[in-house]
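Comments concern the structure below.
The values are calculated or read from the model by the stated rules, or taken from the named source; none is laboratory data. None of the values given here were measured: they were computed from a predicted structure. Using ideal geometry, Cβ is built from the backbone for each residue, glycine included, and neighbour counts are taken over all protein chains shown.
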Amino acid sequence: MESWLSPLFDADGIRAVDRWAIEEQGIPGPELMEAAGAALAEAVAGLAPQGPVRIVCGKGNNGGDGLVAARHLRGLGFEVGTLELERSEPGDLDAWLEGSGGIVDAIFGTGFKGAPRKPAAAAIEAINRCGAPVVACDIASGVDASSGEVEGVAVEADLTISFHAAKLGHRIAPGKWHTGELRVEPIGIPNGAPSAPAGGTIGPGVLDLLPARGSRSTKFSSGQVVIAGGSRGLTGAVRMSSLAAIRAGAGYATVAVPADLEAIFESSQPEVMSVGCPGGDGCLAPAGLKTIRKAFERAAAGVFGPGMGRDPGSVELAREAVAAIEAPLVIDADGLNAFASEVALLAERRAPTILTPHAGELGRLLDRSSEEIAAKRLSAAREAATVAGAIVVLKGDDTIITDGERVAVNALAAPALATAGTGDVLSGVIAAMLARGLEPFAAACAAVFTHARAGRDAARRIGLAESVIATDVIDSIAAGMRASAPVE
């Protein structure tokens with residue numbers, strides 16, 4: 001796995017790590033359980049619960065961890081009550097939990113899949129109703145550790161103590177929303193397990209891949225980015241994408257836009273060159289294909305789709321142009337919508353392709369509802385990447401980057417990015433990273449990380465996340481790319 005990714009395991013991978021530690025390294029299973037329970041108890045004690053601690057235990061190792069934690073907490077002087085769901089009659093769970101100072105969820109572990117059944121489902125619902133702080137043992141019960149999927153009810157944890165390593169389900173929504181604060185605690189498993197992580201969270205080391213400009217650098221060696229898009233009423237998208245590309249280090253940028261709107265770009269963005277595409281009434285049209293192909297001839301990377309609109313002529317042009325462009329290409333916004341239900345057509349491209357959908361756009365590509373995509377984000381992103389022969393950047397607070405096999409997840413929360421135009425900014429940054437020479441998967445990861453940091457920096461400068469606009473994020477791209485700058 002790339003050195004700049006922090007490991008994320010799936011259920012099979014972490015099970016293999018445990019087996020290796022026990023069978024090949026000679027670490028007794030009870031010793032690992034003792035360490036896990038002690039770490040869990042320490043976390044609960046750190047919350048200083050005002051009232052008794054209630055621990056709800058399922059069967060298997062997760063429940064065993066909870067029972068060990070109960071013993072340690074009693075040794076620390078806490079009043080502790082335990083409930084073993086498989087051995088005890090739960091009775092009135094609400095009454096039993098009432099007045100709790102803290103609750104430990106030790107019902108299901110990382111091997112859980114599907115929807116919880118009775119009595120676990122009733123216990124989860126009661127825990128969520130209780131109102132006391134909830135600490136989850138390894139992962140919130142009801143969350144699939146391998147995907148973040150939640151098929152039924154799931155514990156809404158305030159704090160999750162994960163043992164040895166984080167799991168995909170901690171970082172990918174909807175599981176992410178059930179995790180609360182995530183802490184990873186060592187339990188004595190040594191490094192060197194042969195089981196490979198299933199993915200990773202992007203770290204600042206990805207920015208070390210970016211080449212620095214030197215005394216011999218020119219605008220040509222820094223790479224040209226071409227952005228095709230724009231339509232009447234949607235000119236801002238192309239402008240933001242092109243400016244973001246330059247801020248992210250591209251040597252220069254050119255926009256290919258409807259000819260009757262070109263004057264807007266000429267007057268408003270002096271740093272960006274423009275090419276007018278004939279044939280449309282305020283939108284791109286098939287008659288502009290030759291012009292677009294020529295504009296992309298010298299591009300080190302490009303973007304297709306920002307502000308393009310959904311005029312039938314624009315859709316026809318998009319399908320023809322995307323197939324013909326030989327440069328690495330980021331397809332965004334209505335460029336994606338042009339391939340609704342036809343994502344397999346993108347596999348015909350010879351050059352690298354990066355798709356940047358949100359859930360709704362990915363749903364249109366795969367002919368599904370956005371709700372279906374939101375429920376199965378990882379599997380949907382992998383499917384689209386495989387079918388399209390592309391890298392998919394599924395946007396969200398848990399932005400997922402995948403080529404169908406490799407998986408990276410953004411773990412930097414940046415609420416300021418939840419505003420119009422920031423997706424156009426991201427597409428420009430990705431294109432710049434491609435133009436500067438990064439391989440496509442790394443380029444997408446570096447751009448997503450830069451974008452998140454820029455959103456955080458913009459919120460800090462402006463003073464309120466809700467007041468940040470997309471151009472504020474562009475102004476913070478430099479801060480987002482500085483490898484030496486603090487992540488927080």
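If I ask for residues that are free of Cβ contacts under 8 Å to residues at least 24 places away in the same chain and closer than 18 Å to residue 309 by Cβ, which ones from the range 261-273 would you list? Spell out how you get there, then give the answer.
Initially, the range 261-273 is screened for residues free of Cβ contacts under 8 Å to residues at least 24 places away in the same chain, giving 262-263, 266-267, 270, 273.
Result: 262, single match.
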**Message:** Which numbered condition in (1) among the polar types (S, T, N, Q); (2) modelled with pLDDT under 95; (3) under 30 Å from residue 446 (Cα atoms) is the only one that residue 88 fails?
**Reply:** (3)
**Fill in**
If we ask which residues in the range 195-227 are over 26 Å from the mean Cα position of the chain (by Cα) and among the small types (Gly, Ala, Ser), their number turns out to be 7
**Request:** Inspect the range 355-367 for any residue being over 17 Å from the mean Cα position of the chain (by Cα) and within 26 Å of residue 455 (Cβ to Cβ) and give the result as yes or no.
**Result:** yes
**Item:** the range 158-193, residues that are part of a helix (DSSP H, G or I) and either crowded, with 24+ Cβ neighbours inside 10 Å or not aromatic (Phe, Trp, Tyr) (or both)
**Value:** 168, 169, 170, 171, 175, 176, 178, 179
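Suppose we filter the range 368-382 for residues that are without any contact (Cβ under 8 Å) to a residue 40 or more places away in the chain and closer than 27 Å to residue 450 by Cβ; how many remain? Before the answer, list the steps.
In the first step, residues of the range 368-382 are kept if they are without any contact (Cβ under 8 Å) to a residue 40 or more places away in the chain; the result is 368-373, 380-382.
Adding the requirement that they be closer than 27 Å to residue 450 by Cβ leaves 370, 373, 380-382.
The total comes to 5.
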**Prompt:** If only one of 318, 347 is under 28 Å from the mean Cα position of the chain (by Cα), over 16 Å from residue 390 (Cα atoms) and part of a helix (DSSP H, G or I), which one is it?
**Reply:** 318
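For the range 18-34: of the residues being under 19 Å from residue 195 (Cβ atoms) and aliphatic (A, V, I, L, M), which is surrounded by the fewest Cβ atoms within 10 Å (Cβ to Cβ)?
The first filter runs over the range 18-34 and keeps only residues under 19 Å from residue 195 (Cβ atoms), leaving 18-27, 29, 32.
Subset that is aliphatic (A, V, I, L, M): 21-22, 27, 32.
Details: 21: 21, 22: 16, 27: 18, 32: 20.
That would be 22.
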**Matching residues in the range 384-403 - criterion: being more than 13 Å from the chain's Cα centre (by Cα) and surrounded by fewer than 19 Cβ atoms within 10 Å (Cβ to Cβ)** = 386, 387, 389
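Would you check which residues across the range 137-156 are farther than 15 Å from residue 97 by Cβ and buried (at least 24 other Cβ atoms within 10 Å of the Cβ) and list them? Working first, answer last.
The initial filter retains those residues of the range 137-156 that are farther than 15 Å from residue 97 by Cβ, namely 137-140, 142-154.
Correct list: 137, 138, 139, 140, 142, 143, 144, 145, 146, 148, 154.
Scanning for something without any contact (Cβ under 8 Å) to a residue 60 or more places away in the chain, in the same structural domain as residue 164 (by TED's automatic domain parsing), more than 22 Å from residue 131 (Cβ to Cβ) and of a type in the set (Asp, Glu), does the range 42-50 turn up at least one residue? Break it down stepwise before answering.
Start the filter on the range 42-50 by keeping residues that are without any contact (Cβ under 8 Å) to a residue 60 or more places away in the chain, which leaves 42, 45-46, 48, 50.
Adding the requirement that they be in the same structural domain as residue 164 (by TED's automatic domain parsing) leaves 42, 45-46, 48, 50.
From what is left, the residues that are more than 22 Å from residue 131 (Cβ to Cβ) are 42.
In the following step, the residues that additionally are of a type in the set (Asp, Glu) were identified as 42.
Looking through the range 42-50, at least one residue is without any contact (Cβ under 8 Å) to a residue 60 or more places away in the chain, in the same structural domain as residue 164 (by TED's automatic domain parsing), more than 22 Å from residue 131 (Cβ to Cβ) and of a type in the set (Asp, Glu).
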**Request:** State which residue is surrounded by the most Cβ atoms within 10 Å (Cβ to Cβ) when the search covers only the range 91-114 and only residues that are out of contact with any strand residue (DSSP E or B) (no Cβ under 7 Å at 6 or more places or on another chain) and within 30 Å of residue 164 (Cα to Cα).
**Result:** 108
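Suppose the filter is under 17 Å from residue 55 (Cβ atoms) and in a loop (DSSP other than H, G, I, E, B); does residue 140 pass it? Walk me through it before giving the result.
On the way: under 17 Å from residue 55 (Cβ atoms): yes; in a loop (DSSP other than H, G, I, E, B): yes.
The answer is yes for residue 140.
Looking at the range 399-420 only, could you name the residues that are in a loop (DSSP other than H, G, I, E, B) and of a type in the set (Gly, Ala, Ser)?
Of the residues in the range 399-420, the ones in a loop (DSSP other than H, G, I, E, B) are 399, 403-406, 410-414, 418-420.
Result: 404, 411, 413, 414, 418, 420.
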**Asked** residue 370 passes all but one of (1) within 20 Å of residue 5 (Cβ to Cβ); (2) surrounded by fewer than 17 Cβ atoms within 10 Å (Cβ to Cβ); (3) of a type in the set (Ser, Thr, Tyr); which number fails?
**Response** (1)
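Given the residues 221, 215, 231, 267, which is the only one that is surrounded by 20 or more Cβ atoms within 10 Å (Cβ to Cβ) and hydroxyl-bearing (Ser, Thr, Tyr)?
Working: 221 fails: surrounded by 20 or more Cβ atoms within 10 Å (Cβ to Cβ); 215 fails: surrounded by 20 or more Cβ atoms within 10 Å (Cβ to Cβ); 267 fails: surrounded by 20 or more Cβ atoms within 10 Å (Cβ to Cβ).
Checking each option against the conditions leaves just 231.
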**Fill in**
The condition of being in a loop (DSSP other than H, G, I, E, B), touching a Lys or Arg at 6+ places or on another chain (Cβ under 9 Å) and either free of Cβ contacts under 8 Å to residues at least 12 places away in the same chain or within 26 Å of residue 250 (Cβ to Cβ) (or both) holds, among 423, 396, only for 396
**Of all residues in the range 169-194 being touching a residue at least 40 places away in the same chain (Cβ under 8 Å) and farther than 21 Å from residue 39 by Cβ, the one that is nearest to the chain's Cα centre (by Cα)** = 172
**Within the range 295-339, tally of residues that are surrounded by 24 or more Cβ atoms within 10 Å (Cβ to Cβ) and charged (D, E, K, R)** = 2
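In the range 91-122, what count of residues is obtained for those that are assigned to a loop (DSSP other than H, G, I, E, B) and closer than 15 Å to residue 66 by Cβ?
Taking the range 91-122 first, the residues assigned to a loop (DSSP other than H, G, I, E, B) are 91-92, 98-101, 107-119.
Subsequent filtering for residues that are closer than 15 Å to residue 66 by Cβ retains 100, 107-110, 112.
Number of matching residues: 6.
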**Request:** Determine which single condition residue 146 fails, assuming it passes every other condition in (1) free of Cβ contacts under 8 Å to residues at least 40 places away in the same chain; (2) assigned to a loop (DSSP other than H, G, I, E, B); (3) over 18 Å from residue 39 (Cβ atoms).
**Result:** (1)
